[in-house]
1. Determine whether segment 100-115 contains at least one residue that is among the acidic types (Asp, Glu), outside any helix (DSSP H, G or I), modelled with pLDDT under 95 and over 30 Å from residue 378 (Cα atoms).
2. In this structure, is residue 274 of a type outside the set (D, E, K, R), touching a Pro at 6+ places or on another chain (Cβ under 9 Å) and surrounded by fewer than 24 Cβ atoms within 10 Å (Cβ to Cβ)?
3. Restricting the search to segment 130-156, which residues are among the charged types (D, E, K, R) and within 15 Å of the ligand (Cβ to nearest atom)?
4. For segment 305-317, give me each residue that is in a loop (DSSP other than H, G, I, E, B), near the ligand (Cβ under 7 Å from one of its atoms) and open to solvent by less than 10 Å² (accessible area, probe 1.4 Å).
5. Quick one: residue 294 ticks every box in (1) surrounded by fewer than 16 Cβ atoms within 10 Å (Cβ to Cβ); (2) within 16 Å of the ligand (Cβ to nearest atom); (3) within 22 Å of residue 369 (Cα to Cα) bar one, so which box is it?
6. Residues being free of Cβ contacts under 8 Å to residues at least 12 places away in the same chain and farther than 24 Å from residue 144 by Cβ: count how many of those fall in segment 56-86.
7. State all residues of segment 394-419 that are under 23 Å from residue 80 (Cα atoms) and open to solvent by 80 Å² or more (accessible area, probe 1.4 Å); if no residue qualifies, say none.
8. Please find, within segment 30-63, the residue that is farthest from the chain's Cα centre (by Cα) out of those that are more than 10 Å from the ligand (Cβ to nearest atom), open to solvent by 30 Å² or more (accessible area, probe 1.4 Å) and of a type in the set (Gly, Ala, Ser).
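The values are calculated or read from the model by the stated rules, or taken from the named source; none is laboratory data. Predicted model, so just to flag it, every value in this text is computed and none were measured. Neighbour counts run over all protein chains shown; Cβ positions are idealised from the backbone, glycine included. Surface accessibility is based on the protein's heavy atoms, side chains included, excluding ligands, DNA and RNA. Shrake-Rupley method; radii C 1.70, N 1.55, O 1.52, S 1.80 Å.
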Amino acid sequence: MAQVISPKTLDTSQITTNPQDYDYDLVIVGGGIVGLTLASALKDSGLSLLLIEARVESAAVMKGQAYAVHMLSALIYQGIGVWDKILPNIETYRRVRLSDANYPNVVEFNTEDIGKDDLGYVAEHQALLHPLQEFVKNCQNVTILCPAEVVETQYLQDAAVTTIKVAGKTQTIRSKLLVAADGSRSRIRQAAGISTSGWKYWQSCIVAFVKPEKSHNETAYEKFQASGPFAILPLPGNRCRIVWTAPHEEAKTLCELDDEQFLQELSQRYGSQMGKLELLGERFIFPVQLMQSDKYVLDRLALIGDAAHNCHPVGGQGLNLGIRDVAALAQVIQEAHQAGKDIGDIKVLQKYERWRKLENLTILGFTDLLDRVFSNTFLPIVIVRRLGLLTMKYIPLVKVLSLKLMIGLLGKTPKLAQR
Ligand SMILES: Cc1cc2nc3c(=O)[nH]c(=O)nc-3n(C[C@H](O)[C@H](O)[C@H](O)COP(=O)(O)OP(=O)(O)OC[C@H]3O[C@@H](n4cnc5c(N)ncnc54)[C@H](O)[C@@H]3O)c2cc1C
């Protein structure tokens, strides 16, 4: 069983500050989905881990988000051994329909295109986070410190020194490696002086949950419109999640409409295929940005997930990239540990950076291109993209390659996904 230390039970003698020793081999900052996935992936690594999360467990689970979970992510969770706890509470999709405004040539991807039973899955935040939290609690080699906050980090030649505040007390922890999984505004990345490249989009994203009158038929939709992509993702209980991208002002106005007016606008975008819609719960608005950290690693530090990169939500890539970062980093540091190497050494960590940085950049570029090309009303671009859709629809090789790129089956497959 993992040791879960809460401020009430914290025995400060458990955290040593002896400069000669390491308190843990590895410290993970951030117990979101990505940080928890890394702790789970290192279950049998022989490494000792400390996972630090700022928010109490019950608050962390209550995020009104849902994610498209791609095939490769599912294989990684199968390799970790947690997939059977996730699968019962998420929805499988077996069809994806891509369309360009009113253009009648819709591209439909099916399971037969890649010879699999499923194309992908859609999971609400808690349906992923909760089983991961429970899984990590059963990992002997993991100590969880929650709620606790990192206030300072220092990187010495032989150790990362993390200063944390927990229950009003300050403690320092020495480890061979610090992993930042603390999200897009990563304070660990900023404090380490790692710069980023990218831009904020002219669009925001509205997310909402709806219940359609007719069956969602295990189909995911990506409808490209001049204002931005509009996605419908199927969820359990015949609910759907909407990800509606629009220029900031339009998105703000839409979000401020009363429920009835919002539903009217939504129904126009949605089409009639699923009948009348019922709005479930609150809607949220998110700004959208593209960001790539200029470095993923320094001596004794590695960035994963949103701490390393952010992309446009089109195609539901962001979290999936983070899960692939985890599988790559876990493989690199386990191999180094087994070979008796120092897991915090920059030469070891650069293998992870070389593996993931270019793959992530490709997807960041792909999502950016999709958003720009499909939001464009300039006639030559409209013609080119519609030719692109026709090519995808009628040339099987192009169709299969596009699908494999979207669901993560084109890059290097980590060992975790091959088990
Ligand atoms: C509108 C929208 C739709 C999206 N849809 C999809 C989708 O369909 N599919 C997909 O794959 N991705 C999607 N994404 C992207 C996805 O939401 C993110 O990529 C993902 O949530 C990142 O997870 P993370 O664990 O890296 O970061 P986070 O979820 O931000 O977790 C970071 C954790 O670190 C903790 N933390 C922060 N600072 C500290 C500190 N100093 N000390 C201790 N703990 C700390 C936080 O409390 C938090 O728990 C979407 C994004 C948006 C905006």
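1. no
2. Judged against the criteria, residue 274 is a match.
3. 149, 152
4. Selection gives 317 alone.
5. All conditions pass for residue 294, except number (2).
6. Residues that pass the stated criteria total 0.
7. Those that are under 23 Å from residue 80 (Cα atoms) and open to solvent by 80 Å² or more (accessible area, probe 1.4 Å): 410, 412, 415, 418, 419.
8. That would be 46.
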